[in-house]
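A short worksheet on the structure shown next.
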Amino acid sequence: MTEGAVYEVSESTASAAWIDESGYFSLYEQSVSNPEAFWGEQGKRIEWFKPYSEVKDVAYGPGDVHIRWYGDGTTNVAHNCIDRHLAEKRDTTAIIWEGDDPADSKHITYGELHEQVCRLGNALKARGVKKGDRVTIYMPMIPEAAYAMLACARIGAIHSVVFGGFSPDALAGRVQDCASTCVITADEGLRGGRKVPLKANTDKALESCSDVDTVVVVKRTGGDVGWKDGRDVWYHEACADVSADCPAEEMNAEDPLFILYTSGSTGKPKGVLHTTGGYLVYAAMTHHYVFDYHPGEVYWCTADVGWVTGHSYIVYGPLANGATTLMFEGVPNYPDASRFWQVCDKHKVDIFYTAPTAIRALMREGEDPVKSTSRSSLRLLGSVGEPINPEAWEWYHKVVGDERCPIVDTWWQTETGGILITPLPGATPLKPGSATRPFFGIKPVLVDADGAVLEGATEGNLCIADSWPGQMRTVYGDHERFIQTYFSSYPGKYFTGDGCRRDGDGYYWITGRVDDVINVSGHRMGTAEVESALVAHPKVAESAVVGYPHDIKGQGIYAYVTLIAGEAPSEELRKELVGWVRKEIGPIASPDLIQWAPGLPKTRSGKIMRRILRKIAEDDFSNLGDTSTLADPGVVNDLIDNRMNKA
Ligand code: WTA
């Protein structure tokens, strides 16, 4: 391990890049000293139907929290991602699709993308979907997922993409929360050679969603599916019956573009709401600078469109920039651990963006699967979703990038819409494990538990002092929760929920969540969600869930479970509970370890002491703190004695 290593920017990278180090400092200075002028200028990256005259209108409380950017401008996201490029790029590839099966791939030009999106837009309109309606998208990684998002944007409907790995119950909750009237799905998904029953899951979910009157179904595998006449319609039939001319709806900059549900520290997942103009400006701008995207390059982000990374950096950012974006249906280790790099060679990928968990999993397979490929087209690598440990960073740099490619470790969140802290490849010397410096217009501040701002080299809770155009605007249907979650802990600032260290060079090192959110393989999971799934099981009396360090996943899910009186622990019950959580939420929420806990450490007022449970799960018994205030201090020793061995 090379803690403290610094990788300087090579001269060739700096001179070829959009921005070098001195360029970064001067533009950053402008961006924070005069945000109105800076963002007023940046807003011009996209085409407006009616230009804006106001740039920023933001209040971070107390009391009133509102965030508006380019508020009197009008535009359309699909117009910007497609139509605007047609004059020059009608025959240029917009999307390269690589199927789960290595024999399956295709190129979709901007012209074809236009026709597909227009047809689907008209098909949705024909079924009564109109501006402002919510459409839930529950899809595999096929081009139709991108068409669906863009078709909604085109007609002004608000999409809510639900990750295809979520269970029927999780899907139902998300459909109900935003009162979607239409769901777009596929017969089945295909991942790593295995089928995912998306239509069957949808049918199950919709048993409790009576407002949905339309289900559009893409035929992906041709597998048998149930059918509800009048409600269900095949995608290809619906699109064949309509015209290929669908004018883009004129949208106000602050009209909603999408809702995306994400886990928080309490309660059910929140519907993060992003709007039209500012979001697109920010997604396009960050894609341009962070990935240093140049026309003609092939850019590949391995995320799923079910997560924000797929929204901003597979679909909206790249397409707004007229890029060629690769969309991958499969998984990193199918048919074998060489797949990512084979795809890089096959499609001559220039820029590759993935998650640390994938890097760590591939690292375990050794160098051969990487070294058997060329990867000579690669010039830039990216990382997102969780802190990347320096060992994984070094491996990514040395083995995957042949020490030639800079790595951009990009820190951001569903809430932020786009990347906030990141290196720029031509401008930033890299330190493995650090997300380095703030992007233009971003003012990170570290605060202590009382909210005092900490200066210099220090560690604290990460807040952002001012707004940026890509910021979420509200929690759908619950503005009070928005204010409570993000603006009440540290008044006047946006609180990220992350801890962070700043070193003497002003570099930021994200240390992970400081709330009850855990990050499992780069997926956010609220411990409260897993707990409520567990206690819904008839044999479970109580449960407490915490994260623990996991070699591949970053964090694993550790569940303490107290059974109801008269029930005995067994291996069978353990399996049943794991299966139960999978069914309730989805496979990504499966507990890695379940410890039977006859009692949980509680204060005399009945509050579970999670700090102690976290320490035990982390195998760190030295620092449990004062346990004498517990209602029953004896439970701690019992928990230590029976701690699960890590996988
Ligand atoms: C974590 C994903 C360290 C962080 C885009 C954040 C990271 C949460 C990084 C958001 C990174 C994301 N380094 N931690 N480069 N990127 N995180 O909403 O804890 O799924 O708060 O958005 O992931 O996860 P989300």
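The values are calculated or read from the model by the stated rules, or taken from the named source; none is laboratory data. Just so it is clear, the structure is predicted and the values come from calculations on it, not from any experiment. With ideal geometry, Cβ positions are generated from the backbone for all residues, glycine too; neighbour counts draw on all protein chains shown. The accessibility values were calculated without ligands, DNA or RNA, using every heavy atom of the protein model including side chains. Shrake-Rupley method; radii C 1.70, N 1.55, O 1.52, S 1.80 Å.
Do any strands (runs of 3 or more DSSP E) entirely within the stretch 537-647 hold 1 or more residues that are closer than 30 Å to residue 164 by Cβ and open to solvent by 30 Å² or more (accessible area, probe 1.4 Å), and if so, which?
540-550, 554-563
Restricting to the stretch 503-532, name every residue that is of a type in the set (Gly, Ala, Ser) and either in a loop (DSSP other than H, G, I, E, B) or within 14 Å of the ligand (Cβ to nearest atom) (or both).
504, 506, 512, 521, 522, 526
In the stretch 277-315, which residue that is within 22 Å of residue 139 (Cβ to Cβ) and among the hydroxyl-bearing types (Ser, Thr, Tyr) is most open to solvent (accessible area, probe 1.4 Å)?
302
Restricting the first residue to the stretch 124-151 and requiring it to be not assigned by the TED database to the domain that holds residue 203, which pairs with a second residue that is not in a helix (DSSP H, G or I) meet a Cβ separation below 8 Å and a spacing of at least six or different chains?
none
Yes or no: the stretch 463-485 includes at least one residue that is without any contact (Cβ under 8 Å) to a residue 12 or more places away in the chain, over 22 Å from residue 260 (Cβ atoms) and away from the ligand (no atom under 16 Å from the Cβ). Give the derivation first.
From the stretch 463-485, those without any contact (Cβ under 8 Å) to a residue 12 or more places away in the chain are 480, 484; that's our starting set.
Subsequent filtering for residues that are over 22 Å from residue 260 (Cβ atoms) retains none.
Looking for residues that are without any contact (Cβ under 8 Å) to a residue 12 or more places away in the chain, over 22 Å from residue 260 (Cβ atoms) and away from the ligand (no atom under 16 Å from the Cβ), one finds none in the stretch 463-485, hence no.
Just checking, how many residues over the stretch 348-399 are part of a loop (DSSP other than H, G, I, E, B), among the hydrophobic types (A, V, I, L, M, F, W, C) and away from the ligand (no atom under 16 Å from the Cβ)?
Qualifying residue count, the stretch 348-399: 2.
Restricting to the stretch 110-130, count the residues that are touching a strand residue (DSSP E or B) at 6+ places or on another chain (Cβ under 7 Å), within 15 Å of residue 82 (Cβ to Cβ) and open to solvent by 10 Å² or more (accessible area, probe 1.4 Å).
Residues meeting the conditions: 0.
Is one or more of the residues making up the stretch 426-444 open to solvent by 20 Å² or more (accessible area, probe 1.4 Å) and among the β-branched types (Val, Ile, Thr)?
No; the residues of the stretch 426-444 include none that is open to solvent by 20 Å² or more (accessible area, probe 1.4 Å) and among the β-branched types (Val, Ile, Thr).
Go through the residues of the stretch 494-502 one by one and say whether even a single one is under 30 Å from residue 578 (Cβ atoms), out of contact with any helix residue (DSSP H, G or I) (no Cβ under 9 Å at 6 or more places or on another chain) and within 11 Å of the ligand (Cβ to nearest atom). Step through it out loud before you land on a result.
Of the residues in the stretch 494-502, the ones under 30 Å from residue 578 (Cβ atoms) are 497-499.
Retained after the next criterion (residues that are out of contact with any helix residue (DSSP H, G or I) (no Cβ under 9 Å at 6 or more places or on another chain)): 498-499.
Checking which are within 11 Å of the ligand (Cβ to nearest atom) leaves us with 498-499.
Taking every residue of the stretch 494-502 in turn, at least one turns out to be under 30 Å from residue 578 (Cβ atoms), out of contact with any helix residue (DSSP H, G or I) (no Cβ under 9 Å at 6 or more places or on another chain) and within 11 Å of the ligand (Cβ to nearest atom).
Would you confirm whether or not the stretch 365-373 contains a residue that is open to solvent by less than 10 Å² (accessible area, probe 1.4 Å) and farther than 25 Å from residue 471 by Cβ?
Yes: one or more hits.
Which residue, of 115, 98, 47, is touching a helix residue (DSSP H, G or I) at 6+ places or on another chain (Cβ under 6 Å), in contact (Cβ under 8 Å) with a residue 24 or more places away in the chain, assigned by the TED database to the domain that holds residue 429 and farther than 22 Å from residue 289 by Cα?
The unique qualifying residue is 98.
Just a yes or no: is a residue in the stretch 256-268 crowded, with 23+ Cβ neighbours inside 10 Å, within 16 Å of the ligand (Cβ to nearest atom) and part of a helix (DSSP H, G or I)?
Within the stretch 256-268, none of the residues are crowded, with 23+ Cβ neighbours inside 10 Å, within 16 Å of the ligand (Cβ to nearest atom) and part of a helix (DSSP H, G or I).
A quick yes/no check of all residues on (1) within 16 Å of the ligand (Cβ to nearest atom); (2) part of a loop (DSSP other than H, G, I, E, B):
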{"residue": "284", "(1), (2)": "no, no"}
{"residue": "294", "(1), (2)": "no, yes"}
{"residue": "305", "(1), (2)": "yes, yes"}
{"residue": "309", "(1), (2)": "yes, no"}
{"residue": "322", "(1), (2)": "no, yes"}
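In the stretch 200-210, which residues are open to solvent by 20 Å² or more (accessible area, probe 1.4 Å) and modelled with pLDDT of 95 or more? It would help to see each step written out before you state the result.
At the first step, the residues of the stretch 200-210 found to be open to solvent by 20 Å² or more (accessible area, probe 1.4 Å) are 200-201, 203-204, 207-208, 210.
Listed by number, the residues that qualify are 200, 201, 203, 204, 207, 208.
Kindly provide the set of residues from the stretch 171-199 that are open to solvent by 10 Å² or more (accessible area, probe 1.4 Å) and not in a strand (DSSP E or B), ordered by number. Give the steps one after another, and end with the answer.
If we filter the stretch 171-199 for residues that are open to solvent by 10 Å² or more (accessible area, probe 1.4 Å), which is where we start, we get 173-174, 176-177, 179, 181, 188, 190-197.
173, 174, 176, 177, 179, 181, 188, 192, 193, 197 - these are the residues of the stretch 171-199 that are open to solvent by 10 Å² or more (accessible area, probe 1.4 Å) and not in a strand (DSSP E or B).
Please count how many residues of the stretch 520-536 are over 19 Å from the mean Cα position of the chain (by Cα) and either in the same structural domain as residue 485 (by the TED database) or open to solvent by 10 Å² or more (accessible area, probe 1.4 Å) (or both).
Qualifying residue count, the stretch 520-536: 5.
Pick out the one residue from 403, 415 that is closer than 27 Å to residue 463 by Cβ, of a type in the set (Asp, Glu) and either within 13 Å of the ligand (Cβ to nearest atom) or at pLDDT 95 or above (or both).
Exactly one of 403, 415 is closer than 27 Å to residue 463 by Cβ, of a type in the set (Asp, Glu) and either within 13 Å of the ligand (Cβ to nearest atom) or at pLDDT 95 or above (or both), namely 415.
Looking at the stretch 470-519, which of its residues are open to solvent by 40 Å² or more (accessible area, probe 1.4 Å), under 29 Å from residue 431 (Cα atoms) and of a type in the set (S, T, N, Q)?
Selection gives 511 alone.
Got a sec? Which of 393, 411 is within 15 Å of residue 7 (Cβ to Cβ), open to solvent by less than 50 Å² (accessible area, probe 1.4 Å), in the same structural domain as residue 434 (by the TED database) and of a type in the set (Phe, Trp, Tyr)? Write out each step before concluding.
Details: 411 fails: within 15 Å of residue 7 (Cβ to Cβ).
Testing whether each residue is within 15 Å of residue 7 (Cβ to Cβ), open to solvent by less than 50 Å² (accessible area, probe 1.4 Å), in the same structural domain as residue 434 (by the TED database) and of a type in the set (Phe, Trp, Tyr) leaves just 393.
Within the stretch 529-546, which residues are under 27 Å from residue 388 (Cβ atoms) and at pLDDT below 95?
529, the sole residue that qualifies.
Could you list, in sequence order, the residues of the stretch 144-170 that are of a type outside the set (Val, Ile, Thr) and in contact with a Ser or Thr (Cβ under 7 Å, 6 or more places away or on another chain)?
First, pick out the residues of the stretch 144-170 that are of a type outside the set (Val, Ile, Thr): 144-154, 156-157, 159-160, 163-170.
Within the stretch 144-170, 160 is the sole residue that qualifies.
Report yes if residue 160 is surrounded by fewer than 23 Cβ atoms within 10 Å (Cβ to Cβ), of a type in the set (S, T, N, Q), in contact with a Phe, Trp or Tyr (Cβ under 7 Å, 6 or more places away or on another chain) and within 30 Å of residue 320 (Cα to Cα), otherwise no. Steps first, please.
Values: surrounded by fewer than 23 Cβ atoms within 10 Å (Cβ to Cβ): no; of a type in the set (S, T, N, Q): yes; in contact with a Phe, Trp or Tyr (Cβ under 7 Å, 6 or more places away or on another chain): yes; within 30 Å of residue 320 (Cα to Cα): yes.
In short, no.
Given the stretch 406-488, what strands (runs of 3 or more DSSP E) lie entirely inside it while holding 3 or more residues that are in contact with a helix residue (DSSP H, G or I) (Cβ under 8 Å, 6 or more places away or on another chain)?
By residue number, 407-410.
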